[in-house]
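Only one structure is covered here, and it is reproduced in the block below.
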Amino acid sequence: MMGGSKRVKSLFEPLIYFIQSVPPILYMALAMIWFGLDGQATVFIICIAGTPVMAVNIKEGFENIDVKLMEMGKVFKFSPMEMIVEIIMPSLKAYFKSGLIIVVGLGWKLVVMGEVLSSGTGLGAQITDARMNLETNKVFAWGIIIIMLCFLSQKIIALILDFKPLRRKNYDFEN
């Protein structure tokens, strides 16, 4: 909505940037108070930290849709659904992809941080145990595992979003 309306953008953009500027550790502390020491706090953190990233990326995507493509869609009398499917969505894809990859990377960091601070289970808890026992090698090993999982999940998302459908609707622009 921010990308399509200057009024909506002027209302919500400051809020998005404000939310984005709050340190995640502050959100974690609040989430632990509000939701306790289980997974709900981590889900809250990922949502509150990831939403501004996605909002800014998608807004930028809307602002950078090629005006000539939109005009072409109007000239060829695309329905609103065709405009969305054939022009808007492909134009937003790269912005959505980059935002999602950033959010996934951020999510891994925040999940581990949340587990280190609040959980007795998970990767963060393993790091905490290794830290408490002064097992530097285990801290590094868990770090490498987390990095590999993050990298793998980001690559899977990139592959999924780069998937090309076998057939697309074929428009006959000559008639």
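FYI, it's all coordinate maths here, none of it is from the lab. Note that this is a predicted model, so its numbers are computed, not measured. So basically every Cβ, Gly included, is an ideal-geometry build from the backbone, and we count neighbours across all protein chains shown.
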For Asp66, Asp129, order by how many other beta-carbon atoms lie within 10 Å, fewest first: Asp66, Asp129
Along the stretch 52-58, what does the Karplus equation 6.51 cos²θ - 1.76 cosθ + 1.60 (θ = phi - 60°) give for ³J(HN,Hα), rounded to whole Hz, x for Gly and Pro? x, 4, 5, 4, 5, 4, 5
Longer than 27 Å from Cα to Cα, which of Lys6/Lys77; Lys68/Lys155; Lys74/Lys164; Lys6/Lys155; Lys6/Lys93 are they? Say none if no pair is. Lys68/Lys155; Lys6/Lys155
Around Ile160, with a cut-off of 14 angstrom between Cβ atoms, what is the net charge of the other residues, counting Lys and Arg +1 and Asp and Glu -1? +3
